[in-house]
Number of protein chains: 2
Amino acid sequence: MTEKAKPSPETIKAWARLMRVSRQLMERAEDALKEGGLPPLAWYDVLHELAEAGEGGLRPFQLIERTLFAQYNISRLLARLEADGLVEKLPVADDGRGQTIRVSAKGRETRRRMWAIYGRSIEELVGAKLSPDEQSMISALLGRLRHPPTAD
Amino acid sequence: MTEKAKPSPETIKAWARLMRVSRQLMERAEDALKEGGLPPLAWYDVLHELAEAGEGGLRPFQLIERTLFAQYNISRLLARLEADGLVEKLPVADDGRGQTIRVSAKGRETRRRMWAIYGRSIEELVGAKLSPDEQSMISALLGRLRHPPTAD
DNA sequence: TCAAGCTTGATGCATCTGCATCTATCGCCT
DNA sequence: AGGCGATAGATGCAGATGCATCAAGCTTGA
């Protein structure tokens, strides 16, 4: 019943490493994109989801479910993507409030160019550092930390 | 010689989990602090370093070395901390450019209150989810991903 | 000694985030 | 049908971040 409040040193260390390393790696991936004159990672996430969704596109609230973005964040991010011609907003037939977001050809192309850089970063930062076994080990351990414990 | 450019699915999965889980957990820790009416995590990091440094305090550039903050970020963060009376800036005897930052009593107290919440979050989010062995396993794996490969 | 260049820290500006709130539409329930 | 709460998405405002640059003080070397 008594909720244990104080984390052990080992727990603290795992936490600290998780926070520090993830930020470092993220930053390095961002830097690589910037150096290539490409948009930030957040754009990739959205373009990726939309590309997977295909011609049907996605509603903004579906993007929110699939990513970790807040509602207002998606709203403005989509505005920027639209301004850059990477996505288009279509009215939705049976819901006057909603819209469907679809990637444009330019959006697909941008995503492709981002992936060339981003994928290379991932390979350098993780693929080259851990064996396949270690990679699945860390995936499994991280999976246990998800909240809430999701499938996959 | 040929740099392998394309990450394997397993590598991508490890990357995706790392990014997603770390953000989720960070967010939950932030939320807990906010709910307790306490300052954000960034403040904790700085107060923590300063508390460890003791009476001697630290120079801003030393904080930059010890944390992942950018220079301008530290500069403004310290301004906010000073405005809240959590730290004091002292001139440095042998370097007219510099300053020494020292935690105030109020700063120590704030850190203590933050840790009560933050520590509990860490315990809930990591301590309760992984066994000690798993925790040291994930620490070790994350350690391999650091850049550059540092000691400890 | 003193000019050139480096280090320390601050700051103006643009962008991005977080929070709260707003508008418009929908679905339900009576 | 009509009204009410819920849902979809946008937005005003304040605070935070990133980038470039600045000012002040230090160090070095001819």
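Only the coordinates and a few stated rules stand behind these numbers; no lab work does. Predicted model only: the values in this text are computed from it and were never measured. Every residue, glycine among them, receives a Cβ derived from its backbone with ideal geometry; neighbour counts consider all protein chains shown.
Keeping to segment B:117-145, report how many residues are more than 7 Å from chain A (Cβ to nearest Cβ) and free of Cβ contacts under 8 Å to residues at least 40 places away in the same chain.
Of the residues in that region, 5 qualify.
Can you tell me how many residues within segment B:40-65 are away from DNA strand C (no atom under 12 Å from the Cβ) and more than 14 Å from every other protein chain (Cβ to nearest Cβ)?
Of the residues in segment B:40-65, 9 are away from DNA strand C (no atom under 12 Å from the Cβ) and more than 14 Å from every other protein chain (Cβ to nearest Cβ).
Inside segment A:1-39, can you point out the residues that are outside any helix (DSSP H, G or I), in contact with a helix residue (DSSP H, G or I) (Cβ under 8 Å, 6 or more places away or on another chain) and more than 10 Å from chain B (Cβ to nearest Cβ)?
Across segment A:1-39, the qualifying residues are A:Gly36, A:Leu38, A:Pro39.
Can you give me the number of residues within segment B:40-68 that are touching a helix residue (DSSP H, G or I) at 6+ places or on another chain (Cβ under 7 Å), more than 22 Å from B:Val92 (Cα to Cα) and not aliphatic (A, V, I, L, M)?
3
Of the numbered conditions (1) farther than 22 Å from B:Ser139 by Cβ; (2) crowded, with 16+ Cβ neighbours inside 10 Å; (3) aliphatic (A, V, I, L, M), B:Ala5 satisfies every one except a single condition; which is it?
With (1) farther than 22 Å from B:Ser139 by Cβ; (2) crowded, with 16+ Cβ neighbours inside 10 Å; (3) aliphatic (A, V, I, L, M) applied to B:Ala5, the lone miss is (2).
Tally the residues that are surrounded by 13 or more Cβ atoms within 10 Å (Cβ to Cβ), outside any strand (DSSP E or B) and not polar (S, T, N, Q), restricting the search to segment A:73-103.
Looking only at that region, the number is 10.
If you take the residues of segment A:67-81 that are within 14 Å of chain B (Cβ to nearest Cβ) and among the hydrophobic types (A, V, I, L, M, F, W, C), which of them is farthest from DNA strand D (Cβ to nearest atom)?
Ranking the qualifying residues of segment A:67-81, first place goes to A:Leu68.
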